[in-house]
Amino acid sequence: MLSKGFSGGVIIDNPYPVDQVDIIQAPLPSRVVLPLQQRIGEEAKPCVEIGDKVLTGQIIAQTEDVFCVPIHASISGTVVSIDQQLIPHKSGLKSNCITIESDGQDEWIETQGCGSDFLHCDRQTMIDYIQQSGIVGLGGAGFPSHTKLHKALDCHTLIINGTECEPGVMCDDALMQHYPREVIRGVEILLHITGAQKAIIAIEDDKQEAYQSLLMFNHNSRIELVQIPTKYTSGAEKLLIKALLDIEISSGGFAADKGVVCQNVSSTKAIYDAVIEKRPLVSRIVTVSGNALVPINVEVRLGASFDHIISLAKVNNKEHDYRMGGMMMGVDIESTSLPICKITNCIFVNNKTTKPQPKECIRCGNCNIACPVGLLPQQLYWHAKSENIDKCMNYNLMDCIECACCNYVCPSDIDLVNYFSFAKALHKKQTLDQHRIDIARERFEFREHRLERNKRERSEMMATKKKALKEKMAKDKGNTQKDKIAQAMARIKKTKEDNA
Ligand code: SF4
Ligand code: SF4
């Protein structure tokens, strides 16, 4: 079956194609650096100390935050530091990391999952294994899979996203070609967990080998393979759901609200490992591409440095620019000593170039046509540039998925996405500021109200006291008068009696 696709987006051929999509097994790194801050949620707390010996797959840090998964040692060896290190994040900031030096043994912890006959395992046990094995979205989002599955219990359709998120990235293609049995079994596990009636594996139509590999291993009538046109950004979740099921997910809405759950194809394979063997996620496939080398796909331990896998490619000896995460939505990086993490799907190594200088907008409207979510980037650009955030919000700024299709087609080389990220950050700040102002105003109003209430209560209390005092005094006065009369009467009575 071939899906209709979606409007907008851009067609970009893989700029660095290869004849064969192979996977190279990277040698065991001599050390790994494992960040404690994950994509979302609170930072994990180390449960090892410097000098501790650890085994591959052992939990070395965890948190009670339900959105998070534990951090596992990706090699066996010795913990040599727990300190701040540069991590692969667009902020370019350092974060707490655990560094392990390899003992060269790659000695694993013992694990036992549901086994290949997984149907006897209840779905909560499977979700627990997925969480304990540290499975997150490997397509780039890094959202913990167990949380997503919890929200999707009893959904009607499961979508397995086998589209590469960006042109030039081949890691999911490589995974589908080399692990088709595990992917199909992973989909069956997900059908069992979610209770979905059917699963659709979506693959771009330029990945025929991957499509054929999966087709050969799929004997389940509830699993359908669908080829979608090779167009960027077909991998975006909402667009994929629209293209496959004609279901619109509203702005701010979730797929689960409509009975749909999406999982990346690499995450599906990791879920297979987690459920069948309870095998922790300690490695991933990374594409190393760009015009400075012959592209490769490498299966590498998490925490190994970018250099560790770049060195496996045939790189020319010119000066290079580096980028992680794809040519469209990726981030330029200065250092290649950064550690590979769960969402590192691609590293680009390109010959050094000077970026073209942006020119004036010529109002050609190309960006409006290219936007896959139906925004008007040209209008957004003007309002973002003048920092008119209210206007940006009127043009649905928050629906922008920062796919950079508008950048790609802009003849004036304007970095529109940069303006949109800035406008979003400004909106966030203004909303936070407004929130703080609202809280301060509420506090002030409450204080005023409290003071007013205290004053009123005090004056009411005083009035009540005064009244009571008055009444008492009047009563006392009355009593005194009565007593005096009674005493006089008694005296008169006594005198009369004495004289009688
Ligand atoms: S970056 Fe935003 S505005 Fe530009 S094409 Fe993508 S979604 Fe549309
Ligand atoms: S593509 Fe560039 S030049 Fe054309 S309207 Fe959009 S921002 Fe302006």
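A few points about this structure:
- Condition broken by residue 290, with the remaining ones in (1) in contact with a strand residue (DSSP E or B) (Cβ under 7 Å, 6 or more places away or on another chain); (2) farther than 18 Å from residue 138 by Cα; (3) surrounded by fewer than 24 Cβ atoms within 10 Å (Cβ to Cβ) satisfied: (3)
- Scanning region 4-48 for residues that are surrounded by 16 or more Cβ atoms within 10 Å (Cβ to Cβ) and of a type in the set (Ser, Thr, Tyr) yields a count of 1.
- Cβ separations smaller than 9 Å between residues 6+ apart or across chains give the following pairs from region 248-261 residues that are aromatic (Phe, Trp, Tyr) to residues that are loosely packed, with under 15 Cβ neighbours inside 10 Å and not in a loop (DSSP other than H, G, I, E, B): 254/151.
- Qualifying position, being within 14 Å of ligand 1 (Cβ to nearest atom) and either out of contact with any Pro (no Cβ under 8 Å at 6 or more places or on another chain) or polar (S, T, N, Q) (or both), among 446, 422: 422
- Flag if residue 362 is of a type in the set (A, V, I, L, M, F, W, C), away from ligand 1 (no atom under 16 Å from the Cβ), outside any helix (DSSP H, G or I) and surrounded by fewer than 20 Cβ atoms within 10 Å (Cβ to Cβ): yes
- Residue within region 404-412 that is assigned to a helix (DSSP H, G or I), within 16 Å of ligand 2 (Cβ to nearest atom) and not hydrophobic (A, V, I, L, M, F, W, C) present: yes
Every residue, every condition in (1) part of a loop (DSSP other than H, G, I, E, B); (2) more than 30 Å from residue 369 (Cα to Cα); (3) at pLDDT 95 or above; (4) not polar (S, T, N, Q), yes or no:
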{"site": "159", "(1), (2), (3), (4)": "no, no, yes, yes"}
{"site": "166", "(1), (2), (3), (4)": "yes, no, no, yes"}
{"site": "186", "(1), (2), (3), (4)": "no, yes, yes, yes"}
{"site": "189", "(1), (2), (3), (4)": "no, yes, yes, yes"}
{"site": "202", "(1), (2), (3), (4)": "no, no, yes, yes"}
{"site": "206", "(1), (2), (3), (4)": "yes, no, no, yes"}
{"site": "235", "(1), (2), (3), (4)": "yes, no, no, yes"}
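- Test result for residue 493, more than 30 Å from residue 377 (Cβ to Cβ) and not acidic (Asp, Glu): yes
- In region 384-399 there is at least one residue that is within 16 Å of ligand 2 (Cβ to nearest atom), surrounded by fewer than 12 Cβ atoms within 10 Å (Cβ to Cβ) and within 30 Å of residue 354 (Cβ to Cβ).
- Selection count, region 80-107, where residues are surrounded by 17 or more Cβ atoms within 10 Å (Cβ to Cβ) and closer than 30 Å to residue 328 by Cβ: 6
- Scanning region 93-126 for residues that are under 30 Å from residue 82 (Cα atoms) and assigned to a loop (DSSP other than H, G, I, E, B) yields a count of 10.
- Applying the criterion of at least 1 residues that are within 18 Å of residue 31 (Cβ to Cβ) and under 23 Å from the mean Cα position of the chain (by Cα) to the strands (runs of 3 or more DSSP E) found wholly in region 274-331 leaves 283-289, 296-301.
- Total residues in region 372-413 satisfying the condition of being in contact (Cβ under 8 Å) with a residue 40 or more places away in the chain and more than 11 Å from ligand 1 (Cβ to nearest atom): the figure is 5.
- All of 245, 281 fail the test of being touching a Leu at 6+ places or on another chain (Cβ under 8 Å) and over 21 Å from residue 167 (Cα atoms), apart from 281.
- Residue satisfying condition, being over 26 Å from the mean Cα position of the chain (by Cα), buried (at least 19 other Cβ atoms within 10 Å of the Cβ) and either touching a residue at least 24 places away in the same chain (Cβ under 8 Å) or at negative phi (or both), within set 51, 77, 57: 77
Listed here are the residues, each with its yes/no results for (1) of a type in the set (S, T, N, Q); (2) under 30 Å from residue 329 (Cα atoms); (3) outside any helix (DSSP H, G or I).
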site: 429; (1), (2), (3): no, yes, no
site: 445; (1), (2), (3): no, no, no
site: 451; (1), (2), (3): no, no, no
site: 462; (1), (2), (3): no, no, no
site: 480; (1), (2), (3): yes, no, no
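- Qualifying residue in region 127-145 (condition: in a loop (DSSP other than H, G, I, E, B) and more than 19 Å from residue 343 (Cβ to Cβ)): no
- Exclusive hit being of a type in the set (A, V, I, L, M, F, W, C) and within 30 Å of residue 386 (Cβ to Cβ), set 492, 414: 414
- Within region 365-381, if we keep just the residues that are hydrophobic (A, V, I, L, M, F, W, C) and crowded, with 17+ Cβ neighbours inside 10 Å, the residue that is nearest to ligand 2 (Cβ to nearest atom) turns out to be 367.
- Flag for residue 367 being within 9 Å of ligand 1 (Cβ to nearest atom) and within 24 Å of the chain's Cα centre (by Cα): no
The values are calculated or read from the model by the stated rules, or taken from the named source; none is laboratory data. Everything numeric in this text was worked out from a predicted model, so none of it was measured. Here Cβ is always computed from backbone atoms with ideal geometry, including for glycine, and neighbour counts include all displayed protein chains.
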